[in-house]
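A short worksheet on the structure shown next.
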Amino acid sequence: MKIINRVVRVVPVVLAVSMLQAIVPRPAPDQSEPIAITGAVIHVGDGTVIEDGVLAFDQGVITYVGTDANSPAFFNHQVIDVEGRHIYPGFILPNTSLGLSEVSNIRATNDVVETGDINASVRSAIAYNTDSELIPTFRFNGILTAQITPQGGLVSGSSSVMKLDGWNWEDTLLSADGAMHMHWPARTRRQRNEISGQFETVDNEDYANQVQVLHALFQDAITYTGSPVNLNLAAMQNVLSGEAKLFIHANDARDIVNSVQFARDYEVPEIVIVGGRDAMKVKDLLLQESVAVIYESVHGLPAQSWYDVDEPFKVPFQLHDAGILVGIGGGETALDSQRNLPFFAGTAASYGLDRETALAMITEHNARILDVDDRVGTLVVGKDATFFIAAGDALDMRTNQLDEAFIQGRLLELQGMQQELYERFYERYAGQPIE
């Protein structure tokens, strides 16, 4: 990758300053000239693999994907030979609070949850912090696009899909307000027994009241005329019309059934289940209603003590095999694990899925579910040049080593605080600089 470093990497002086200050790398400059990358193993993202392939892009858009490295069309391109390295579409992370939460136990750095049960008018996009120190750590693993999602209450608000590079939220916005997030009330909850000190499962005594609150919201939204102004009811109009999808957060089989039936009773056209731990138990309903699933529990524990310990690993294959559109999420909203998204897909690939289908669940499938598949998710002519180059298998934590990454053709600076600190102390204690 020496040619890439010499030809298109950002100015070294700028990099040196950012490393010394240990701050988030500055946003990448726009692509200045057409580039053709040759000699690559191209993972298109739809199950197709192109050996000794060529990927060309100009002005941030893919212009060629194939095997003709000697095409006259590339004579005015910077031609870069990557010598058998792998090219992947940028991974897409759904349902994350990235950019909304920085230090979980410091309230001033969290802009994730609003007070109250109904916050349909909340828009995550305008609260997104492009200077979050967490963003570079996600890009290191190939996550280049994310659905930034508010949390809390019964209706949390609208999520937007963002590119993980830009000066401000307007720069990074890929798709605005494409989903409304509803958390279906659980019939049971976990609480600590005051006598034994152990956690136990108890009934949710507020379940009926919480469901009634949701009924009231949807009934009022259906009859809303715009006067007097009610921001929550106004925000619900896109859900009822199908312009925005309703993302229902539910795990228990009964909760999934009740929530889907609830949404259909109000004629909500587009539904996605987020979580979906018990989705296989109600697969017939999901198929009948054409409901997609973002499965969040690949590295979770089994729902019941008598299940096999590897039961969650198998669910993505089982759902896919049943004909359900399934994407893999990062494990609910735990930021400490979401950067491991590609490794969740790698685990699923060891339990029934072939590797390219597992890859599609964090690229093409997630793009389709988030309605951004016309821009990202696969390496296809006309889509954004959002991809990365890796030395090995990007779904394996042992070989997921990114050499370069691009968002809309812009070459990202992958060197961040973690790498700078590693190199500083390696040089100090090993007694030799890193080459």
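Going through region 212-255 one residue at a time, which ones are in a helix (DSSP H, G or I), touching a residue at least 40 places away in the same chain (Cβ under 8 Å), closer than 30 Å to residue 302 by Cβ and open to solvent by less than 50 Å² (accessible area, probe 1.4 Å)?
214, 255
Name the residue that is farthest from the chain's Cα centre (by Cα), counting only residues in region 403-435 that are open to solvent by 20 Å² or more (accessible area, probe 1.4 Å) and among the aliphatic types (A, V, I, L, M).
In this case the residue turns out to be 430.
Filter region 179-195 for residues that are in a strand (DSSP E or B) and either open to solvent by less than 30 Å² (accessible area, probe 1.4 Å) or modelled with pLDDT under 95 (or both) and give the result.
179, 180, 181, 182, 188, 189, 190, 191, 192 - these are the residues of region 179-195 that are in a strand (DSSP E or B) and either open to solvent by less than 30 Å² (accessible area, probe 1.4 Å) or modelled with pLDDT under 95 (or both).
Hey, does region 304-312 have a residue that's surrounded by 21 or more Cβ atoms within 10 Å (Cβ to Cβ) and either in contact (Cβ under 8 Å) with a residue 40 or more places away in the chain or among the hydrophobic types (A, V, I, L, M, F, W, C) (or both)? Can you show your working first?
Residues of region 304-312 that are surrounded by 21 or more Cβ atoms within 10 Å (Cβ to Cβ), as a first pass: 312.
In the following step, the residues that additionally are either in contact (Cβ under 8 Å) with a residue 40 or more places away in the chain or among the hydrophobic types (A, V, I, L, M, F, W, C) (or both) were identified as none.
Checked region 304-312: no residue is surrounded by 21 or more Cβ atoms within 10 Å (Cβ to Cβ) and either in contact (Cβ under 8 Å) with a residue 40 or more places away in the chain or among the hydrophobic types (A, V, I, L, M, F, W, C) (or both).
Can you name every residue in region 117-166 that is part of a loop (DSSP other than H, G, I, E, B), hydrophobic (A, V, I, L, M, F, W, C) and under 19 Å from residue 330 (Cβ atoms)?
Within region 117-166, 134, 140, 164 meet the criteria.
Out of all the residues in region 42-64, which are among the hydrophobic types (A, V, I, L, M, F, W, C) and open to solvent by less than 40 Å² (accessible area, probe 1.4 Å)? Spell out the reasoning first.
The first filter runs over region 42-64 and keeps only residues among the hydrophobic types (A, V, I, L, M, F, W, C), leaving 42, 44, 49-50, 54-57, 61-62.
Result: 42, 44, 50, 54, 55, 56, 57, 62.
Please go through region 117-142 and pick out each residue that is of a type in the set (Gly, Ala, Ser), out of contact with any helix residue (DSSP H, G or I) (no Cβ under 7 Å at 6 or more places or on another chain) and either open to solvent by 40 Å² or more (accessible area, probe 1.4 Å) or in contact (Cβ under 8 Å) with a residue 60 or more places away in the chain (or both).
Result: 132, single match.
Can you name the residue in region 100-116 that is over 17 Å from the mean Cα position of the chain (by Cα), aliphatic (A, V, I, L, M) and outside any strand (DSSP E or B) and is also surrounded by the fewest Cβ atoms within 10 Å (Cβ to Cβ) among such residues?
108
Which of the residues belonging to region 379-402 are open to solvent by 60 Å² or more (accessible area, probe 1.4 Å) and either in contact with a helix residue (DSSP H, G or I) (Cβ under 8 Å, 6 or more places away or on another chain) or over 29 Å from residue 355 (Cα atoms) (or both)?
397 - this is the single residue of region 379-402 that is open to solvent by 60 Å² or more (accessible area, probe 1.4 Å) and either in contact with a helix residue (DSSP H, G or I) (Cβ under 8 Å, 6 or more places away or on another chain) or over 29 Å from residue 355 (Cα atoms) (or both).
Right, residue 45: of a type outside the set (D, E, K, R), in a loop (DSSP other than H, G, I, E, B) and modelled with pLDDT under 95 or not? Write out each step before concluding.
Values: of a type outside the set (D, E, K, R): yes; in a loop (DSSP other than H, G, I, E, B): yes; modelled with pLDDT under 95: no.
Answer is no for this residue.
Scan region 270-300 residue by residue and report those that are open to solvent by less than 60 Å² (accessible area, probe 1.4 Å), under 23 Å from residue 178 (Cβ atoms) and of a type outside the set (Val, Ile, Thr).
275, 276, 279, 286, 289, 292, 295, 296
Mind listing whichever residues of region 84-99 are assigned to a loop (DSSP other than H, G, I, E, B) and open to solvent by less than 10 Å² (accessible area, probe 1.4 Å)?
Selection gives 90, 97, 99.
The values are calculated or read from the model by the stated rules, or taken from the named source; none is laboratory data. All of these numbers come straight from a predicted model, not from anything done at the bench. Reconstructed Cβ throughout: ideal geometry from the backbone, glycine too, with neighbour counts over all protein chains shown. Areas reflect the complete protein model, heavy atoms only, side chains present, ligands, DNA and RNA absent. Shrake-Rupley method; radii C 1.70, N 1.55, O 1.52, S 1.80 Å.
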